[in-house]
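A short reminder: the numbers here are calculations on the coordinates, not readings from a lab. Note that the structure is predicted; figures quoted are calculated from it, not measured. Reconstructed Cβ throughout: ideal geometry from the backbone, glycine too, with neighbour counts over all protein chains shown.
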Amino acid sequence: MKKKILAAILSGAMILSATGCARTAGGNTTATTESADTTADAAEEVAEAPAEEEAADDAAPAEAGKTFHVGVIQLVEHPALDAATQGFEEGLQAALEADGYSVEFDYQNAQGEQANCATIATKFVNDKDDLIMANATPALQAVAAATGDIPVVGTSITDYKSAGVINDNNAPGTNVTGASDLAPVDEQIALLQKLVPGAQQVGILYCSSEANSKFQVDLAEAALDAAGIAYKEYTVADSNEIQSVVTNAIGNCDCLYIPTDNTIADNMSIVKNAAWPAKMPIVCGEENMCKNGGLATLSISYYDLGVTAGKQAYEILVNGKNPAEMPIEFVSEGITTEYNPETAAAIEFDESLLEGLTAIEMGE
């Protein structure tokens, strides 16, 4: 598919989703927010950006001693995404310096705002960065819409194809490749069955405009169907709705399942404050969500995920590899089944059901 079509689709998707899952809770960030007019103009500029040609074959290896300029866009600040960015930067910098190269990172945090993603993506393109790393699906979609020329490596992306940025996991066919954070959702549901063996109704909580979450929800529902367990989706549009939606779910379900959803992950304290008093067990899609109020998880290491993306970036920058021909990578090692001992105590959970799970080290 030509990049002109891809850019048009992604630009339209960003504009339509600008009202969904905006971050409204507090939190520190390192990026400044542009004015509303500037953001709107930047989004329009991205939407009208001319199409690039399809990705070319592998480029020539980098000249010795070169300093690379890498733009890093992270959707929002929360521990999983922070760990992925850290792993990417540290892994890539170490690999480059070992071979006599250097790198300068331009880190920008979009504060959970789609319009900010478009602004940052446009900045990186105008800066003519050598490579862009996009952390989380909306950030990747913004960058893919902004350029079909600069190599892009994603991380913390559940499914690249459903995000509309590649053609196939084995042969992306665009300027985008990366590492997927898809954990074995069927095993997460099996964990839920082990912990709540008598569950008759499972509540599935996620942000309705996060494509990565919907992909996992579909897998979870297939696993629940196979197990003969009823479920109901509880969706939020932004953080303002979380408390009321969680309260509603608690009144109608035996337990909750939350996939790796950026909006929920950034606001797990709200979920915890509603779930703990109600003694509600929650199985989460990743470790840091579990640390912040969930009961248990089967999670990949987001730091390792970032390191994997850094290795891909190295191959592109130094060896001239073509992202269009680089398969999406999956982290298959270091997947751990863990539980939060503070949550277990707070909800007075039966400790015998936690046999075989590892207690999360809460001080990490």
Can you bin the stretch 76-170 into rounded, prolate or oblate? Criterion: square roots of the alpha carbon gyration tensor eigenvalues sorted a ≥ b ≥ c, rounded for a/c under 1.5, prolate for a/b above b/c, oblate for the rest. rounded
Leading residue at positive end of dipole, the stretch 50-209 (Cβ point charges), from GLN188, LEU131, ALA94: GLN188
Under unit Cβ charges (Lys, Arg +1; Asp, Glu -1), what dipole magnitude, rounded to 20 debye, does the stretch 73-231 have relative to its Cα centre? 480 debye
Based on the alpha-carbon gyration tensor of the stretch 194-306 and its eigenvalue square roots a ≥ b ≥ c, which shape applies: rounded if a/c is under 1.5, prolate if not and a/b is larger than b/c, or oblate? rounded
Where a ≥ b ≥ c are root eigenvalues of the Cα gyration tensor, a/c under 1.5 meaning rounded, otherwise prolate if a/b exceeds b/c and oblate otherwise, the stretch 168-243 counts as oblate
For the stretch 207-251 and the stretch 86-157, what is the separation of their C-alpha centers, rounded to whole Å? 30 Å
Over 27 Å between alpha carbons, listed pairs LYS194/LYS311; LYS66/LYS311; LYS123/LYS214: LYS194/LYS311; LYS123/LYS214
Highest first, please rank the peptides 301-314, 265-278 by the mean number of other Cβ atoms sitting within 10 Å of their residues. 301-314, 265-278
Please work out the FRET efficiency for the pair ASN273 and ASN240, using the Cβ-Cβ distance as r and a Förster radius of 22 Å; give the result to the nearest 0.05. 0.90
Evaluate the distance, in nm, between pseudo-label points positioned 7 Å from the Cα of LYS311 and of GLU63 along their respective Cα→Cβ axes. 3.0 nm
Between ASP127 and PHE330, what length in nm is gained on full extension when 0.36 nm per residue of separation is reduced by their alpha carbon distance? 70.0 nm
With the charge dipole of the stretch 270-337 built from beta-carbon charges (+1 for Lys and Arg, -1 for Asp and Glu) about the Cα centre, the Cα from ASN322, ALA309, ALA275 projecting farthest to the positive end belongs to ALA275
Selection from PHE349, LEU298, SER332 lying farthest towards where the dipole of the stretch 296-358 points positive, charges on Cβ: SER332
Under unit Cβ charges (Lys, Arg +1; Asp, Glu -1), what dipole magnitude, rounded to 20 debye, does the stretch 150-281 have relative to its Cα centre? 300 debye
